[in-house]
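Okay, so here's the structure we're looking at.
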Amino acid sequence: MTSTHPLADQATERHGETPRPSRATASVAAILAESAARYPDDVAVIVGDHRTTYAELWAQTLAYAGALQAKGVTEGVRVAMLVPNVADFARVYYATLALGAVVVPVHALLKRHEIEYVLRDSGAMLLVCAAPLLAEGGAGAALAGVDVVTVLAPAGSDETEHERLESLAESAEPLDTYVPRDPFDTATILYTSGTTGQPKGAEGSHFSLLEQVNTNLMSTFDMRRGDVLLGALPLFHTFGQTCTMNTGFRAGATIVMLPKFDGDAALAALVEHECGIFMGVPTMYIALLDAATRSDARPALRYAISGGASLPLAVLERFQTVFDAPIHEGYGLTETSPVATFNHVGRAPRPGTIGTPVWGVDVEIADPERTDAITLLPHGEIGELVIRGHNLMNGYLDRPEDTAAAIVDGWFRTGDLGTKDDDGYLTIVDRTKDMIIRNGYNVYPRQVEEVLATHPDVTMAAVFGVPHELHGQEIEAAVVLRAEATVTPEELVAFVSAEIAAYKFPRVVHVLDALPLGPSGKVLKRTLVERFSVAEEPTTVA
């Protein structure tokens with residue numbers, strides 16, 4: 001049975017009216033519920049040869065919600081999920097939200113100690129983990145003392161340590177519908193960070209996520225019922241979660257999900273399912289172009305969307321030639337739900353720019369030196385991109401000081417440098433932070449440096465990103481070793497790769513006599529970037 005929202009107690013029943021809350025409510029779960037009611041027989045998800053209609057997906061979601069409720073999940077409780085791009089991601093995501101609980105998607109490439117941190121910091125009471133990811137997910141949950149239920153366990157396998165959500169759903173009573181929430185209640189906690197400190201949980205409200213979806217559909221994308229999208233972007237990331245899944249389901253589109261991205265498989269899926277829209281990060285475009293050299297088949301794409309990192313103009317132009325479809329680039333962050341600017345569909349995109357602000361959102365250029373206030377700069381000047389509007393997060397979970405530093409005078413400080421022209425188009429020119437973006441994923445140098453520092457032969461370490469044609473940026477490290485050290489650069493790469501996710505470890509390690517330091521003793525990473533961005537013999541293997 002569905003829970004009663006507290007506000008319902010204030011409603012009146014006179015004249016036989018159904019009790020109603022006395023103020024507005026909202027739920028991201030309504031996205032799937034409404035489309036299931038309006039388009040029950042339309043296909044919502046395709047995974048391999050299996051198709052799931054909207055009515056089936058919502059019924060399965062309500063069954064999962066009943067199972068989670070039986071496990072003690074109630075309103076406001078935080079539920080972590082470690083699930084790849086399959087239909088179960090949607091089921092678990094919307095089931096959690098339907099209960100009025102908070103979803104904490106976990107990056108599928110994290111290792112156990114990183115998962116432990118997310119579970120502890122978020123206060124998650126439960127981890128829903130895909131069986132293929134239990135090696136790290138189960139270990140991380142055990143370290144955090146968090147209970148685990150699984151999905152995607154192979155048919156016929158023995159149930160040993162963890163309960164299966166599918167089995168629990170068979171015996172539990174499904175929900176009738178979703179629980180309404182205050183629009184500004186937290187719906188999701190997505191982990192992000194700057195270049196220092198531990199990752200921070202950005203709290204996305206039901207309102208900001210719903211308004212983002214509606215803005216995408218009304219005036220940003222060109223998406224409608226019956227469209228077929230390739231769900232190649234990871235759904236645990238804000239880009240795939242909001243722009244592909246939530247927006248796609250809100251429109252009544254069909255999402256073709258790829259559990260693991262591969263250029264050849266993606267091209268084959270685009271062609272087989274006659275996908276009209278593709279969303280990806282730059283490395284996905286490069287992989288599709290590579291796949292196109294081995295196949296003459298081409299999908300009938302209407303357009304493509306790129307984000308996560310700057311797409312090289314040469315790649316953009318080649319893709320548009322090979323696939324005969326325009327690419328529209330945009331810009332956003334986890335803290336902005338994510339889309340803040342876009343080369344809106346319906347207008348000719350301006351390559352090299354991140355477009356103009358989306359409806360209801362202001363994006364301006366501010367003086368980066370002012371930390372206590374926002375001072376806007378004239379068009380054409382270089383400064384820090386700042387954002388305000390309906391898309392801002394509630395704040396960083398349990399980090400009021402970090403929230404206050406990030407949101408000043410109602411504007412979110414992005415830490416990115418850029419310009420705005422007289423037509424309102426914005427261009428990113430550099431980053432004020434040391435954060436690295438590799439394949440569209442954020443990599444935070446300090447976390448990698450701390451792992452390197454645990455090696456007994458390392459006395460100092462600095463991690464930085466250098467430009468890379470395929471990955472956008474590549475991760476490199478410079479280290480100073482102890483005098484008696486015997487470790488090789490290759491061994492350091494292996495050491496770090498065993499401790500953190502595959503997209504984070506440095507592919508190149510440079511051994512130096514000393515790191516360049518500024519007057520205050522701070523490592524001058526820009527000097528390292530300039531030195532190692534030029535072509536030279538690598539110090540270790542990629």
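The values are calculated or read from the model by the stated rules, or taken from the named source; none is laboratory data. Predicted model only: the values in this text are computed from it and were never measured. Cβ: placed from backbone, ideal geometry, glycine included. Neighbour counts: every protein chain shown. Just so you know, the surface numbers come from the protein's heavy atoms only, side chains and all, with ligands and any DNA or RNA stripped out. Shrake-Rupley method; radii C 1.70, N 1.55, O 1.52, S 1.80 Å.
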Is it the case that some residue within segment 456-475 is more than 20 Å from E114 (Cβ to Cβ), assigned to a loop (DSSP other than H, G, I, E, B) and of a type in the set (A, V, I, L, M, F, W, C)? yes
With the requirement that a residue be charged (D, E, K, R) and over 23 Å from L267 (Cβ atoms), what does segment 315-357 give you? E335, R347, R350
Failed condition for V429, given (1) at pLDDT below 85; (2) among the β-branched types (V, I, T); (3) touching a helix residue (DSSP H, G or I) at 6+ places or on another chain (Cβ under 9 Å): (3)
Mind checking which residues of segment 203-231 are open to solvent by 10 Å² or more (accessible area, probe 1.4 Å), part of a strand (DSSP E or B) and among the hydrophobic types (A, V, I, L, M, F, W, C)? V228
In segment 26-70, how many are in a loop (DSSP other than H, G, I, E, B) and buried (at least 19 other Cβ atoms within 10 Å of the Cβ)? 4
Of everything in segment 71-96, what is small (G, A, S), open to solvent by less than 20 Å² (accessible area, probe 1.4 Å) and out of contact with any Phe, Trp or Tyr (no Cβ under 8 Å at 6 or more places or on another chain)? Give them in sequence order. A80, A87
Please indicate, with yes or no, whether at least one residue in segment 348-357 is free of Cβ contacts under 8 Å to residues at least 12 places away in the same chain and within 20 Å of the chain's Cα centre (by Cα). no
Condition check: of a type in the set (D, E) and either at pLDDT 95 or above or not in a loop (DSSP other than H, G, I, E, B) (or both). Does E536 satisfy that? no
Is it the case that some residue within segment 277-291 is acidic (D, E) and either within 21 Å of V47 (Cβ to Cβ) or touching a Ser or Thr at 6+ places or on another chain (Cβ under 8 Å) (or both)? no
Could you list, ordered by first residue, the pairs with Cβ atoms under 8 Å in which the first is in segment 37-59 and free of Cβ contacts under 8 Å to residues at least 60 places away in the same chain and the second is open to solvent by 90 Å² or more (accessible area, probe 1.4 Å), at least 6 apart or interchain? T53/D41; A55/D41
Extreme residue, modelled with the highest pLDDT, among residues of segment 286-314 that are in contact with a Lys or Arg (Cβ under 9 Å, 6 or more places away or on another chain) and closer than 15 Å to A269 by Cα: A292
Do you know which residues across segment 484-525 are assigned to a loop (DSSP other than H, G, I, E, B), out of contact with any Pro (no Cβ under 9 Å at 6 or more places or on another chain), modelled with pLDDT under 95 and more than 30 Å from G140 (Cβ to Cβ)? E484, T486, D513, A514, L515, P516, G518, P519, S520, G521, K522
Report, by residue number, each residue of segment 74-98 that is closer than 19 Å to A26 by Cα and assigned to a loop (DSSP other than H, G, I, E, B). T74, E75, G76, V77
If you take the residues of segment 435-455 that are at pLDDT 90 or above and assigned to a loop (DSSP other than H, G, I, E, B), which of them is surrounded by the fewest Cβ atoms within 10 Å (Cβ to Cβ)? H455
Scan segment 154-163 and give yes if some residue there is in contact (Cβ under 8 Å) with a residue 24 or more places away in the chain and under 30 Å from L209 (Cα atoms), otherwise no. no
